[in-house]
Structures are given as C-alpha cells and as structure tokens.
Amino acid sequence: MSQEQKRDAFYTQSESDVLEALGTSKEGLSNDQVKERLASYGRNELEEGEKRTVFQKFLDQFKDLMIIILLIAAALSVVTEGMEGLADAIIILAVVVLNAAFGVYQEGQAEAAIEALKNMSSPVARVRRNGHVIEVDSKDLVPGDVVMLEAGDVVPADMRLLEANSLKIEEAALTGESVPVEKDLAVELAADAPIGDRANMAYQNSNVTYGRGSGVVTNTGMYTEVGHIAGMLANAEESDTPLKQSLHQLSKVLTYAILVIAAITFVVGVFVQGTPPLKGLTVAIALAVAAIPEGLPAIVTVVLSLGTKVLAKRNAIIRKLPAVETLGSTEIIASDKTGTLTMNQMTVEKVYTNGQLLNSSEAFAADNNTLRVMNFANDTKVDPSGKLIGDPTETALVQFGLDKNFDVREVLEVEPRVAELPFDSVRKLMSTIHRQADGRYFVAVKGAPDQLLKRVTQIEENGQVRPITDADCQAILAVNKDLAKQALRVLMMAYKYTDSVPTLETEIVENDLVFAGLVGMIDPERAEAAEAVRVAKEAGIRPIMITGDHQDTAEAIAKRLGIIDPNDTEDHVFTGAELNELSDEEFQKVFKQYSVYARVSPEHKVRIVKAWQNDGKVIAMTGDGVNDAPALKTADIGIGMGITGTEVSKGASDLVLADDNFATIIVAVEEGRKVFSNIQKTIQYLLSANIAEVLTIFLATLFGWDVLEPVHLLWINLVTDTLPAIALGMEPAEPGVMSHKPRGRKSSFFSGGVFGAIAYQGLMQGILVLGVYGYAITNPVHVGDNHAIHADALTMAYATLGLIQLVHAFNVKSVYQSVFTVGPFKNKTFNWAILGSLALLLATLTIPVLEKIFHVSHLEVHQWAVVLVGSLLAFVIVEVVKAIQRALGMDKNAI
C-alpha cells in the first residue's frame, strides 16, 4: 500500500485476499506496524478545510457593484459638498456597513457540517493488536487493524467483516434504508454494488443494533465513505439563489443607467446651461445618490428577516436569509424517503391470521397466537419510561402488541422465557421457549417465510389446529407475495407446545410447527405527506423522491403518496446502478421522465440535483442523513430535518424543519412566495420614487430650473425610502398565491408587470412634481420678488415629491388589483409607517427652525391645495390604469 489509502472494492474480494492486500492477519497489527502506518496515513479523523477570517468574510460583502458605486458616491459627496455631503455619506456608509455585518453573521458554510461529521466519530474502539484485544482511541486506528463489534457500538472506520454472528448494522444515515442491514460474509458482490448491498462491509459512523462480529479496517479518515462525503461537501458548488441573481441583475441595470443619466446631466448643465463645473458635478452626484436605492440591501434583509420570524413560528428554521425567497421560486422538491416522507419507524401494517388478511387497525384477541409469537420471539427491552429499545423490526412487533393491549412484560411474568435459539443469518429464524402455567412449554418461532414454511406441518384456523395442505401453503405464499408487492417486509409466525424443554438444536426446536400467521411491516409514510404532495402539485411544484432504499419500497411509498400515479403503468423509477451506466449528457436527456430514484449514492444525488439545475429549474432537496449532505448543499435550497436529521445534514442545509414535517415545506413555500411579492412591492416603490427624483432633476436641468436642494433629496430618501418600504415587506399574502406556477430561475423582480409599473409610475410622479413647480413659477404669490418666487416653487416641489411618494406607497400594494380590493389599511405597521413619515416630512415644512435648515418657505393655503391635488392625482391615475389593465386581462398572465 502507498501512503494514499486505497478505496478498492474490498467487498468483492475474499477474506484472505483482503488481509494480504492490507498486510495484516486476524491477529491484527503489531505496535511497530501501527506506529509506521499512523505516520504514513495520518489519524482516523476528517480534515478541516481552510477557514476564512471574519475580516475576509466582511470584505467579501463589498464586492457587489451597487455597493461599490454607493461608496464612490459617498466619497464624492464629501469632496464636492462639504458638511452637507458628509451627512449624506455617513448615512450611506452606515447602511452599507450594517448590511455587510449582517451578511457575515448569516453566512453558514461547510465548516459547521464537516465539524459535525468529525463529532460523530466513535471515541473508543476495541482492537486486536499483538494478538490481544485492547481499547484504543478510534482516531488512532489504521488500515489493517482488526476491530471487534457488538450491539450498541458505533463503527469506528470502514472495514471488511471477518466475523458476523447475527450481526445487524443500521446504516440509514449513509444509505437512507430504515431497516438495519443483516450482514453476510458469504455474499458475492459486483464492483458496482451500492453501499446498501455490501453485506460483508461495515462503514464508519453506522450503528450496530444486533449481534456481534469483527472486521479488518480498510480505510480511515478522509478515505472512508463518510470522509468521501465530507470531501464532496467541502467541494460542493453552492449555486447563487434566485434572489442573489435578481439583485445582481438589478444592481447592474441601475448602475449603468445611473452613470449614463448622471453624465448626460453633467454635460447638459455645464456645456448647454453654462453651469459651473463644480456645481454641475454636485448636481450629477446628487442625482446619482437620489437614483440609487441605498436602503434596498438593508430593506431586503429586513423583509427576509421578518419572513424568518414567521417561518420559525411555523417550525421552519431559516439558516441562510436568501433561502426565504428561494422557497417561493422552487419548482422541484427532491425529497429523501426515510425520515422525511416516512416516519423512519417500522410499523406493523397487515396481519394474516386465521385465514384472514387484517389491517393493523382491526381488533385482535389477546390469546391470538400470531400476536403471542411476535412478542415472545423478540429481544426488545422496555425501559422504565416505556421506551422500546432494540432492533427496529422487533420493536415494531412489541409496539403492535402494546397497541392491542398485549403487554409482553406482564405476560412474561406468567409465561417466562426459559430457553432460546438466537437469530442467525443462515437459517433466518429465531425461537424462544416459555414455561406455561400447566407445566407444558410454548415454543415461539419467528422468521423468513421461505425458510419457516418448510418447517410447518400444521395450521391454526379459528382456534383449531389441523394438518396443513398444499392449498394452505399456496394461499400463504400468495398472501406473502401480495404483501411483498406492496413493499412490506414479511415475517412468518409459528409455534408448538412440548411437554419438556427440547434440546436446543434447530432440527428439534424448529420442526413440526403450527402456522400462526404472517406479519407485514413497513416504514409508513407520514400522515400529512400525501396532502403536502397534492398541494405542491397544485402549486405547480413537482415532487420527486431520491433515496438509498430499495426500488420496490421506494416505488410503493411514492405511489401511496401520489408522487407516482398508482394507475400509471410507465416506469418512473430509476436506480443508482442504471445511473452509473449513463454519462451526464445521456442522463440529461432522460432524467425528467423519472419521479423516483432508488438505491442511489451521495454522488448520484448530486448528479440528479445538477441535472434539474442544468435544465434551469430551482430545486429544493430534503434529507436527514449524512449521505444527503452534499446534495443539500448543491441544491438551490437544502432542507434538513430538525428531529431525526444528523448534525451534518442540518449544517449543510439552508432551512431546517423543526417538526420533520414534509407539509411544513409547503407552508414555507407559501411564505417564500409572499416574501418575494413583498420585496417586489418594495423595489417597485423605491425605484419608481427614485426614477421620479432622477427625472425631476434631469428635466429641470434641461429647462434650466433649480428644483430641489441636495438636502431635500436626502431627507425624502431618508423619510420615504425606509419606514414605508419596510412596512410594505409586512403586507399579507395576496389571494391565490399558491394557485399559480412557481416563478422559476428566469424571472426577476421586474416580472409580472412590475417593470412597466415602475416606468410609468416614476415618469408620472416626475411630471406631477415638475407640473407643480411650473405652476408655482407661473402663478407666483410674491410678484416681482424672484427669490421669493423661487423659494415658494422649491418648497412646493419638495412637499409634492415627499407627499406623492407616501401616497404612492398605497398604489404598490398590488400591481394590478385596486388598493380597495387588497385592503388599504389591513397592514397596521404600514399605517403607522405612513403617519410617521408624514409627520417627519411636515415637520420640515412647518417648524420654523427646520424651515431654515431645509431652505423652505411658508406656503399659503391655496399653495398647499395645489400640492395636495398634485400628490393625490398619482393615486387616481394609478387606479385608473389598473382598472384598464384588468379590463384587458393583463392581470391574468402575471405571476
């Protein structure tokens, strides 16, 4: 072996070949060999990736183009405007720095997930070295070590098993299979066998639930299957969310448009109007600052934060802010099966007894021998709190008994176990012997139907025992086959009475038995999952299942949930083995026809997620196991399980379901759609208002008018771009938000009629402000006093621009619906925001001290009437336009 460990297919090799390849024997390694291999391979632990400092993360927040332009504008404001510019710059810097600090706080990378993987490792391992069994720190294991395993152990490294005595290992975190794997050394495997089928291997961080065994360590650290996943997790590409893409697109459009308009304004002012260059530059910068919605990043953050609070109350914990909005654009929900769509808890569903196939909900007599056998031939323990401890299959049988008022603890006090034949993987049976009150002994046998039926000579029917016939056997086999088709795990129950404790040999104990019944078990779907799937489909979202479990089980659960139409005869299930045979290009051509992917590995899950992303879809991936983590990180939104999920899967997720309820995802999607709609309203409000300011200054410059002072723009931006904009982010969802298709990746904040609304509403506001200014110039109160005329006109323009933006906030409550339909005053926070902003605006126009600071004059009553008419006209015009758009059916096509 070289210093780089081999990730060979040891499961395909014989025991002797594996030992030879690893340079070891069943007696284990010597201390010198261990020391040498530790130096070569390193410790059995996961590597840490290079961590960025907080300062580096902070600097990354300033790479956005809009942020850079804002910083340049702030600097130029100070250079050209002195103290007035300093106030402007301070506000801009404060917004930018706060936004960056919040971004650092929210950033959650793969570090936490990999740290969680490290913490899952078993602390101590029992290993054979120098021919003796000793306990060592699991981090000191090396390839070639021989490790002992027994029930309750966490497997400390990947190993090829050398012994397996009734050994069962729960590998759900790696494979997604809810039932522990029964290990078998005799099995012959192909090189492409998935992890779940490798019965002669044990993998790091899986749990031994039954029996005992030993194995030789094949791989440690980053070369284990868990280490391989950790490497994938660290290198997984994290795609930009639709929100980030939309904001980036918005930043570029705004920046270029602003630079062009500012440049034109400067050229026209200096070279056409004869404005001094420094004054022209000041006007251009004031225009740029007015045009850039500097509060937008912070306001988007606030709106998203409000969404996280709402979701937290509904059991959806957001780990990364943009995930709130991403939920609203989700088109595909790719869900793991075990623990997400199902309970991750084996449950008895069908019982065949006395010639009848019964549902688990039906009544059972306490003396029913099927019920007695499933509880007697069982090693489940019940702790003082009533919790069942043991193999999930066996605990399901005891739980079924408890549900039928058969408490095995009480029964065993009367009919104690006196002997047993433990389960083993060769004969696939388990038997226990119980002393009866009359002195006889009851032999309870549980096992695989194909093995146990060979040992049955009689059958019980309605309390009577008679010889079993071929017809009986055919009926039993038919029921067994039917239950298996439903993906139920089937066990057979049989018994007999003896006068004495028989010799504990299988040929004696497990022979001449009476057939009692069949029990069909499954990890059932969650009660609310089917309804959630239905609602998702109604909302235009396609649910698919990606699981490491068996194909038949996955297909059965998918049909029960409605992911696959039960009546559809086409093949909608694709396996990991089939996926291995296709290149990415070949898979890209066929992936859409499959709704269920079974027996897949972590790499397969990532390939499936990427296939949908390459098709332009926004995909959410749910999961709870270590094996889900790379796909969770790669998906547009990773959704982890809060209760059953591993810390690794939670660390790689954007959203964690506190209740593990698949239906909570649909709740989160609805909230995400509402959040996007509210961000869209905020952007429509801010940009239409800023366009109005830009057009006012730009057109005024062309006319040679001096309409607004920089302090006016600064105050209006501060008053109207904050409180009302944030309050719009708290608007309730509009009716029918879950009845339309998802937006998808290609839509933007300007879709759904928003771009047109921003354009015409911004132009309308600018024209109204200039109209009021023009009216004031041509109808002066102070005839002959040019300074007073200009002061009044400036004041009226300032008052109109401020009021028109507050009035316009009501317009953007819906793109097409009348404000009276959606409710003008339903949002109490919005009402208080408008009143607060109005008070701040009026203070500068009515308080003498502030009048001087803001360079405004005292207006007459009729001048105020003109201001009010100009402001309210904005509301009337928009309502008329909306009515025309609805009449033309334009609202029907909006998403």
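The values are calculated or read from the model by the stated rules, or taken from the named source; none is laboratory data. Keep in mind that this is a model prediction, so the values were computed, not measured. Positions of Cβ are backbone-derived with ideal geometry, glycine not excepted, and every protein chain shown enters the neighbour counts.
Residues of the stretch 189-225 being part of a strand (DSSP E or B), modelled with pLDDT of 90 or more and either farther than 17 Å from residue 37 by Cβ or more than 33 Å from the chain's Cα centre (by Cα) (or both), which ones? Even if it seems obvious, please write down each step before you answer.
Applying the first criterion (part of a strand (DSSP E or B)) to the stretch 189-225 yields 201-202, 207-219.
Filter once more, keeping what is modelled with pLDDT of 90 or more: 201-202, 213-219.
Result: 201, 202, 213, 214, 215, 216, 217, 218.
Under 7 Å between Cβ atoms, which residue pairs at least 6 apart in sequence (or on different chains) link something in the stretch 428-440 that is assigned by TED's automatic domain parsing to the domain that holds residue 377 and of a type in the set (A, V, I, L, M, F, W, C) with a partner that is crowded, with 16+ Cβ neighbours inside 10 Å and assigned to a loop (DSSP other than H, G, I, E, B)?
What qualifies is 429/423; 429/510; 430/377; 430/423.
Which ones in the stretch 294-346 are assigned by TED's automatic domain parsing to the domain that holds residue 602 and of a type in the set (Lys, Arg)?
The answer is 337, and nothing else.
Among the residues of the stretch 327-341, are any touching a residue at least 12 places away in the same chain (Cβ under 8 Å), over 23 Å from residue 538 (Cβ atoms) and not hydroxyl-bearing (Ser, Thr, Tyr)?
Initially, the stretch 327-341 is screened for residues touching a residue at least 12 places away in the same chain (Cβ under 8 Å), giving 327-341.
Still in the list and also over 23 Å from residue 538 (Cβ atoms): 338-339.
From the residues that got through so far, the ones that are not hydroxyl-bearing (Ser, Thr, Tyr) too are 339.
Scanning the stretch 327-341, I find at least one residue that is touching a residue at least 12 places away in the same chain (Cβ under 8 Å), over 23 Å from residue 538 (Cβ atoms) and not hydroxyl-bearing (Ser, Thr, Tyr), so the answer is yes.
Quick one: which of 298, 286 is under 21 Å from residue 691 (Cβ atoms), modelled with pLDDT under 80 and surrounded by fewer than 23 Cβ atoms within 10 Å (Cβ to Cβ)?
On the way: 286 fails: surrounded by fewer than 23 Cβ atoms within 10 Å (Cβ to Cβ).
After ruling out the rest, the residue left standing is 298.
The rows are residues; the columns are (1) buried (at least 23 other Cβ atoms within 10 Å of the Cβ); (2) out of contact with any helix residue (DSSP H, G or I) (no Cβ under 6 Å at 6 or more places or on another chain); (3) among the aliphatic types (A, V, I, L, M).
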position	(1), (2), (3)
653	yes, no, no
658	no, yes, yes
663	no, no, yes
668	yes, no, yes
682	yes, no, no
701	yes, no, no
706	no, yes, no
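Could you count how many residues in the stretch 361-392 are of a type in the set (Ser, Thr, Tyr), crowded, with 18+ Cβ neighbours inside 10 Å and either part of a loop (DSSP other than H, G, I, E, B) or assigned by TED's automatic domain parsing to the domain that holds residue 555 (or both)?
So the first thing to find is which residues in the stretch 361-392 are of a type in the set (Ser, Thr, Tyr), and the list is 361, 370, 380, 385.
Next, from what is left, pick out any that are crowded, with 18+ Cβ neighbours inside 10 Å: 370, 380.
Next, only the ones that are either part of a loop (DSSP other than H, G, I, E, B) or assigned by TED's automatic domain parsing to the domain that holds residue 555 (or both) stay: 380.
So the count comes out to 1.
Go through (1) assigned to a helix (DSSP H, G or I); (2) out of contact with any Pro (no Cβ under 6 Å at 6 or more places or on another chain) for residue 606 and report which single condition fails.
Of the numbered conditions (1) assigned to a helix (DSSP H, G or I); (2) out of contact with any Pro (no Cβ under 6 Å at 6 or more places or on another chain), the odd one out for residue 606 is (2).
In the stretch 749-769, what count of residues is obtained for those that are surrounded by 19 or more Cβ atoms within 10 Å (Cβ to Cβ), at pLDDT below 85 and either within 26 Å of the chain's Cα centre (by Cα) or over 24 Å from residue 821 (Cα atoms) (or both)?
1
Take the residues in the stretch 648-664 that are farther than 19 Å from residue 548 by Cα and in a helix (DSSP H, G or I), then tell me which one is modelled with the lowest pLDDT.
651
Given the criteria on the phi < 0 side of the Ramachandran plot, in a helix (DSSP H, G or I) and surrounded by 22 or more Cβ atoms within 10 Å (Cβ to Cβ), does residue 402 qualify? Walk me through how you get there before you give the answer.
Working: on the phi < 0 side of the Ramachandran plot: yes; in a helix (DSSP H, G or I): yes; surrounded by 22 or more Cβ atoms within 10 Å (Cβ to Cβ): no.
So residue 402 does not fit the description; no.
Could you please find all residues in the stretch 436-472 being assigned to a strand (DSSP E or B) and either surrounded by fewer than 12 Cβ atoms within 10 Å (Cβ to Cβ) or among the hydroxyl-bearing types (Ser, Thr, Tyr) (or both)? Please lay out each step first, then the result.
Taking the stretch 436-472 first, the residues assigned to a strand (DSSP E or B) are 441-447, 456-461, 464-467.
Within the stretch 436-472, 441, 457, 464, 466, 467 meet the criteria.
For the stretch 457-478, state whether one or more residues are at positive phi and among the hydrophobic types (A, V, I, L, M, F, W, C). Don't jump to the end; show me each part of the working.
From the stretch 457-478, those at positive phi are 462-463; that's our starting set.
Then keep just the ones that are among the hydrophobic types (A, V, I, L, M, F, W, C); that gives none.
Among the residues of the stretch 457-478, not one is at positive phi and among the hydrophobic types (A, V, I, L, M, F, W, C), which makes the answer no.
Inside the stretch 708-733, can you point out the residues that are at pLDDT 80 or above and crowded, with 19+ Cβ neighbours inside 10 Å? Show your work before the answer.
Filtering the stretch 708-733 down to residues at pLDDT 80 or above leaves 716, 723-733.
Within the stretch 708-733, 716, 723, 724, 725, 726, 727, 728, 729, 731 meet the criteria.
Being in contact with a Leu (Cβ under 9 Å, 6 or more places away or on another chain) and buried (at least 24 other Cβ atoms within 10 Å of the Cβ) is the filter here, so list the residues in the stretch 633-649 that pass it. Please lay out each step first, then the result.
Of the residues in the stretch 633-649, the ones in contact with a Leu (Cβ under 9 Å, 6 or more places away or on another chain) are 633, 637-643, 645-649.
Within the stretch 633-649, 633, 637, 638, 639, 640, 641, 645, 646, 648, 649 meet the criteria.
Could you tell me whether the stretch 309-324 includes any residue that is in a helix (DSSP H, G or I) and within 26 Å of residue 478 (Cα to Cα)? Quick ask: steps written out before the conclusion?
Initially, the stretch 309-324 is screened for residues in a helix (DSSP H, G or I), giving 309-313, 323-324.
Okay, now just the ones that are also within 26 Å of residue 478 (Cα to Cα), so none.
So far as the stretch 309-324 goes, no, none of its residues is in a helix (DSSP H, G or I) and within 26 Å of residue 478 (Cα to Cα).
Run down 537, 559 and say which single residue is out of contact with any helix residue (DSSP H, G or I) (no Cβ under 9 Å at 6 or more places or on another chain), under 22 Å from residue 346 (Cβ atoms) and not assigned by TED's automatic domain parsing to the domain that holds residue 442. It would help to see each step written out before you state the result.
Details: 537 fails: under 22 Å from residue 346 (Cβ atoms).
Just one listed residue meets the conditions, 559.
Across the stretch 167-181, what is the total count of residues that are touching a residue at least 60 places away in the same chain (Cβ under 8 Å) and either in a loop (DSSP other than H, G, I, E, B) or surrounded by fewer than 19 Cβ atoms within 10 Å (Cβ to Cβ) (or both)?
5
Please count how many residues of the stretch 365-395 are farther than 23 Å from residue 435 by Cα and touching an Asp or Glu at 6+ places or on another chain (Cβ under 9 Å).
Matching residues across the stretch 365-395 total 5.
Residues are listed down the side, and each one gets a yes or a no for (1) part of a loop (DSSP other than H, G, I, E, B); (2) within 21 Å of residue 721 (Cα to Cα):
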{"position": "833", "(1), (2)": "no, yes"}
{"position": "845", "(1), (2)": "no, yes"}
{"position": "858", "(1), (2)": "yes, no"}
{"position": "865", "(1), (2)": "no, no"}
{"position": "873", "(1), (2)": "no, yes"}
{"position": "881", "(1), (2)": "no, no"}
{"position": "886", "(1), (2)": "no, no"}
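Do the conditions hold for residue 358, that is, is it among the aliphatic types (A, V, I, L, M) and modelled with pLDDT of 90 or more? Full working, then the answer.
Working: among the aliphatic types (A, V, I, L, M): yes; modelled with pLDDT of 90 or more: yes.
Yes.
Go through the stretch 8-54 residue by residue and tally those that are modelled with pLDDT of 90 or more, hydrophobic (A, V, I, L, M, F, W, C) and assigned to a loop (DSSP other than H, G, I, E, B).
Count: 1.
Tell me, which residue of the stretch 607-636 that is of a type in the set (Val, Ile, Thr) and modelled with pLDDT of 90 or more is nearest to residue 197 (Cα to Cα)?
For the stretch 607-636, the residue satisfying everything is 608.
Per-residue answers, yes or no, for (1) closer than 30 Å to residue 522 by Cβ; (2) surrounded by 20 or more Cβ atoms within 10 Å (Cβ to Cβ); (3) not assigned by TED's automatic domain parsing to the domain that holds residue 29:
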position	(1), (2), (3)
151	yes, no, no
157	no, yes, no
205	yes, yes, no
223	no, yes, no
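Condition check: within 30 Å of residue 738 (Cβ to Cβ) and free of Cβ contacts under 8 Å to residues at least 12 places away in the same chain. Does residue 478 satisfy that?
Working: within 30 Å of residue 738 (Cβ to Cβ): no; free of Cβ contacts under 8 Å to residues at least 12 places away in the same chain: yes.
For residue 478, the condition - within 30 Å of residue 738 (Cβ to Cβ) and free of Cβ contacts under 8 Å to residues at least 12 places away in the same chain - is not met.
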